[in-house]
Amino acid sequence: MQSKTNKKNLKRVRSFPSDMTLTDNSVAQTHDDCFLFPVEEIVQYPLPGYVAPSSITFSPDDSLITYLFSPDGTLNRRVFAFDLRTCKRELFFSPPDGGLDESNISPEEKLRRERLRERGLGVTRYEWVKSISKKKTIMVPLPTGIYFQDLSCSKPELKLPSTPCSHIIDPSLSPDGNMLAYVRNNELHVFNLLYGTEKQLTFGAEGNALSHGLAEYIAQEEMDRKNGFWWSPDSKYIAFTEVDSSEIPLFRIMHQGKSSVGSDAQEDHAYPFAGASNVKVRLGVVSASGGPITWMDILCGEKDQSIKDEEYLARVNWMPRNILIVQVLNRSHSILKILKFDINTGQRNVILVEKGDPWINFHDCFTPVDKGVDHFSGGFIWASEKTGFRHLYLHDINGDCLGPLTEGDWMVEQIAGVNEAAGLVYFTGTVDGPLESNLYCTSLFPDRRYPLDAPRRLTHGKGRHIVVLDHQLQRFVDVHDSLSSPPRVLLCSLHDGSLIMPLYEQPSTTSRSKKLQLQPPEIVQIPANDGTILYGALYKPDADRFGPPPYKTLISVYGGPNVQLVCDSWMNTVDMRAQYFRSKGILVWKLDNRGSARRGIKFESHMKHNFGRIDAEDQLCGAEWLVKQGLAKAGRIGLYGWSYGGYLSAMALARFPDTFGCAVCGAPVTAWDGYDTFYTEKYMGLPWENAACYEYSSVMHHVHKMRGRLLLVHGMMDENVHFRHTARLINAIVAAAKPYELLVFPDERHMPRPLRDRIYMEQRIWEFIERNL
């Protein structure tokens with residue numbers, strides 16, 4: 001179905017003449033009086049249509065569905081509950097002090113919000129208390145402390161207060177609901193909810209160089225591992241990490257915008273640059289009641305480790321009967337091992353070794369299977385990309401593979417649930433195309449027949465489906481959106497996907513999107529130089545207002561690994577910057593080049609040792625396609641991107657001066673020897689082993705060819721892509737006697753957060769585009 005749609009779009013695009021001259025937008029100004037799209041609309045959150053419920057969960061008895069929601073359409077969210085028996089919604093928890101805002105959280109939590117890309121205020125997370133009593137209670141962490149709210153009570157109870165000098169980080173309830181574990185002052189603690197007593201479980205943390213129970217920077221930013229401790233299934237033990245960063249040189253960030261000087265105007269980060277040492281991580285297990293720690297036989301990141309292929313502690317899982325499972329990865333990202341530990345002795349067994357070429361991607365599909373049919377004594381489901389696409393496999397308790405559960409030229413994304421009694425696995429994936437995500441089910445036990453039976457689809461409607469299954473595996477919540485429809489929340493049957501009831505719906509055209517005349521982009525397919533199909537998205541100006549093409553064109557680009565921009569999602573329709581430029585008569589184009597996500601390992605592998613090469617060439621290919629279709633004109637094409645997109649914008653501008661006339665580069669990596677170990681080495685290898693690749697991938701290597709106009713945008717307190725990247729590029733630009741413009745935010749990090757700063761940034765970007773495109 002998708003390919004037919006794209007062919008239709010291609011025919012429509014090709015109908016434009018290729019010899020038309022560039023439109024003078026001033027001709028259409030008389031038509032603009034009846035339409036106003038203020039630049040401030042670009043930075044307003046939530047985006048139109050994204051006031052829908054989030055963080056949706058079922059209560060332990062499946063009688064309630066709870067979620068975060070803001071009735072007034074702001075970022076300030078509260079907890080609501082929908083009673084499935086009465087079909088009534090009520091407010092469950094409202095922060096007594098207003099909840100979280102950007103001014104009342106610790107520096108550590110601010111950094112963690114940066115890494116989570118979190119913008120939400122008020123309540124940002126909650127957790128159900130699982131208890132044998134019939135009370136319905138949730139735990140809500142706030143800056144002032146940990147609150148517990150019983151549905152039958154009007155007022156929440158502050159169980160564990162926080163203090164300005166001793167913040168509570170990562171609170172997590174035990175599986176039985178009787179205890180709360182958290183990190184305070186870099187040490188792991190437990191609070192007994194039955195007796196109201198607090199106990200410290202770990203000792204010896206030294207400043208910020210040694211911590212217990214916290215995920216290190218690389219784990220948070222690059223490995224999608226936010227936690228540093230894990231409860232055992234029986235609530236008796238906690239596994240935790242000890243992170244030692246004492247051997248990592250500190251990178252100092254000066255607060256150049258402050259009027260003060262000294263220690264309060266600087267911050268130091270243990271940042272592992274490509275080719276340098278990583279932090280050392282070991283894993284311990286401690287009783288929830290306190291006592292001696294049993295250290296597992298593992299030490300990641302040690303320079304002189306006897307086992308050379310255990311650089312990163314990737315994932316930690318518990319299996320039934322308190323079996324501890326740990327995933328470790330080597331430095332070159334080519335070998336991942338699954339280790340099984342005896343928590344009483346710390347001894348280990350290797351139960352699975354995964355080898356990947358060109359690399360191994362992390363996932364969260366490891367799922368224990370305990371019961372099942374009689375002949376199966378227990379084991380786990382594991383996802384592997386050994387066929388080129390991520391698929392599910394069943395393994396026994398010793399790690400031996402019993403066979404595949406899924407197969408085909410598509411990928412499994414997440415395991416949504418497992419019904420062991422019925423022998424079914426529920427998962428989300430791309431069976432119906434890489435631009436969509438749907439829920440499917442298949443047999444839990446391998447079928448000896450080949451090919452395997454196709455999975456059964458349970459979600460309806462094109463687009464993206466995010467699902468939450470109930471505990472009894474009878475129903476699921478479906479959050480569904482598409483290019484033509486904002487998110488809606490539905491309750492559906494897990495038997496056949498049929499609709500039980502809508503929980504939250506909004507009109508396909510919200511008042512704000514209607515006022516701003518937002519139109520979904522057209523999705524098209526174009527061939528790369530090697531024939532690979534690439535997906536693009538076109539935001540075409542209104543021809544009645546701006547005349548026929550070609551138009552001034554802006555390419556909105558990311559282009560890096562693990563990200564997909566072009567998909568059938570409402571997020572593309574409410575790309576407010578793209579819509580703003582479109583309202584100004586500019587054609588906006590997005591293209592997912594080779595190396596981007598959700599197309600399989602072969603598609604991703606084009607990035608190996610190729611940052612700034614294949615990705616930039618595909619973006620050029622997209623620009624040339626626009627020119628051939630008569631939509632754009634060479635030299636009147638600009639680029640915009642942030643982070644990797646900022647890097648790729650600068651590279652394309654420098655490498656292809658005949659095509660690209662200007663670029664806005666936000667927080668760009670400009671030389672990969674200045675970025676972190678995990679991300680950089682996965683794709684580029686070690687600097688001394690691939691010196692030529694590192695040199696070619698540096699923007700500075702190409703600056704001498706640049707003729708277009710360049711705007712650099714960067715926060716000087718960026719702890720992810722340091723301002724140093726922009727400073728080094730400026731040195732090269734000056735040496736090459738090339739012009740540039742600079743927009744600096746002294747008090748901002750990787751992306752400006754205050755509304756004032758974001759508005760100012762968008763105004764300056766538009767002025768630059770208007771002058772130079």
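The values are calculated or read from the model by the stated rules, or taken from the named source; none is laboratory data. Everything numeric in this text was worked out from a predicted model, so none of it was measured. A quick note on method: Cβ atoms are made from the backbone with ideal geometry, for glycine too, and the neighbour counts reach across all protein chains shown.
Yes/no per residue for (1) of a type in the set (Lys, Arg); (2) farther than 30 Å from Arg724 by Cβ; (3) out of contact with any Phe, Trp or Tyr (no Cβ under 8 Å at 6 or more places or on another chain):
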| site | (1), (2), (3) |
| --- | --- |
| Leu151 | no, yes, no |
| His167 | no, no, yes |
| Met179 | no, yes, no |
| Leu210 | no, no, yes |
| Asp234 | no, yes, yes |
| Asp244 | no, no, yes |
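Within region 264-293, if we keep just the residues that are hydroxyl-bearing (Ser, Thr, Tyr) and surrounded by fewer than 20 Cβ atoms within 10 Å (Cβ to Cβ), the residue that is nearest to Phe251 (Cα to Cα) turns out to be Ser277. Taking the numbered list (1) under 28 Å from Asp673 (Cβ atoms); (2) at pLDDT 95 or above in turn, Gln266 passes all entries but (2).
Report every pair of residues separated by at least 6 positions or lying on different chains whose Cβ atoms are under 6 Å apart, first residue within region 746-773 and not assigned by TED's automatic domain parsing to the domain that holds Glu41, second among the aliphatic types (A, V, I, L, M). Listed pairs, sorted by first residue: none to list. Tell me, please, whether a residue that is at pLDDT below 95, out of contact with any strand residue (DSSP E or B) (no Cβ under 8 Å at 6 or more places or on another chain), small (Gly, Ala, Ser) and under 30 Å from Arg117 (Cα atoms) can be found in region 73-86. For region 73-86, residues at pLDDT below 95, out of contact with any strand residue (DSSP E or B) (no Cβ under 8 Å at 6 or more places or on another chain), small (Gly, Ala, Ser) and under 30 Å from Arg117 (Cα atoms): present. Checking each residue in region 570-584 for being part of a helix (DSSP H, G or I) and under 19 Å from Lys462 (Cα atoms) picks out Trp570, Met571, Asn572, Thr573. Each residue in region 520-561 was checked for being assigned to a helix (DSSP H, G or I) and hydrophobic (A, V, I, L, M, F, W, C), and 2 pass. Taken over region 436-453, the residue count meeting the criterion of being in a loop (DSSP other than H, G, I, E, B) and either among the basic types (Lys, Arg) or without any contact (Cβ under 8 Å) to a residue 24 or more places away in the chain (or both) is 4. Within region 632-655, being surrounded by fewer than 22 Cβ atoms within 10 Å (Cβ to Cβ) and touching a helix residue (DSSP H, G or I) at 6+ places or on another chain (Cβ under 7 Å) holds for Lys633, Ala634, Arg655. Considering region 205-221, the residues that are part of a loop (DSSP other than H, G, I, E, B) and at pLDDT 95 or above include one that is farthest from Glu108 (Cα to Cα), namely Gly213. Against the conditions (1) loosely packed, with under 14 Cβ neighbours inside 10 Å; (2) at pLDDT below 95, Arg512 satisfies every one except (1).
Consider region 107-128 and keep the residues that are among the hydrophobic types (A, V, I, L, M, F, W, C) and closer than 18 Å to Ile168 by Cα. The one that is surrounded by the most Cβ atoms within 10 Å (Cβ to Cβ) is Val123. Across region 157-175, the qualifying residues are those that are modelled with pLDDT of 95 or more and outside any strand (DSSP E or B), and the one among them that is nearest to Val140 (Cα to Cα) is Ser174.
Number of residues in region 687-714 that are part of a loop (DSSP other than H, G, I, E, B) and farther than 30 Å from Ser277 by Cβ: the value is 4.
Which one is nearest to Ser277 (Cα to Cα) among residues in region 645-686 that are of a type in the set (A, V, I, L, M), without any contact (Cβ under 8 Å) to a residue 60 or more places away in the chain and not in a helix (DSSP H, G or I)? Spell out how you get there, then give the answer.
Applying the first criterion (of a type in the set (A, V, I, L, M)) to region 645-686 yields 648, 650-654, 663-664, 667, 669, 671, 684, 686.
So of that shortlist, the ones also without any contact (Cβ under 8 Å) to a residue 60 or more places away in the chain come out as 651, 653-654, 663, 669, 671.
Cutting the leftovers down to not in a helix (DSSP H, G or I) gives us 663, 669, 671.
On the way: Ala663: 35, Val669: 20, Ala671: 18 Å.
Here the residue is Ala671.
Could you check region 386-405 and list, in sequence order, the residues that are closer than 18 Å to Lys602 by Cβ and surrounded by 21 or more Cβ atoms within 10 Å (Cβ to Cβ)? Break it down stepwise before answering.
Here is the first cut: in region 386-405, the ones closer than 18 Å to Lys602 by Cβ are 386-391.
Phe389, Arg390, His391 - these are the residues of region 386-405 that are closer than 18 Å to Lys602 by Cβ and surrounded by 21 or more Cβ atoms within 10 Å (Cβ to Cβ).
Only one entry of Ser596, Ser569, Ser649, Ser643 meets the criterion of being on the phi > 0 side of the Ramachandran plot and modelled with pLDDT of 95 or more, and that entry is Ser643.
Which ones in region 736-745 are in contact (Cβ under 8 Å) with a residue 24 or more places away in the chain and not β-branched (Val, Ile, Thr)? Working first, answer last.
Let us first name the residues in region 736-745 that are in contact (Cβ under 8 Å) with a residue 24 or more places away in the chain, namely 736, 738-745.
Passing the criteria: Ala736, Lys738, Pro739, Tyr740, Glu741, Leu742, Leu743, Phe745.
Only residues that are of a type in the set (Gly, Ala, Ser) and part of a loop (DSSP other than H, G, I, E, B): list them for region 222-255, please.
The initial filter retains those residues of region 222-255 that are of a type in the set (Gly, Ala, Ser), namely 228, 232, 235, 239, 245-246.
Selection gives Gly228, Ser232, Ser235, Ser245, Ser246.
When we screen Ser162, Ser174 for residues that are touching a residue at least 24 places away in the same chain (Cβ under 8 Å) and either within 18 Å of Glu719 (Cβ to Cβ) or of a type in the set (S, T, N, Q) (or both), the only hit is Ser174. Counted as qualifying within region 38-128 are the strands (runs of 3 or more DSSP E) with 2 or more residues that are more than 21 Å from the chain's Cα centre (by Cα), namely 64-69, 76-83, 88-93.
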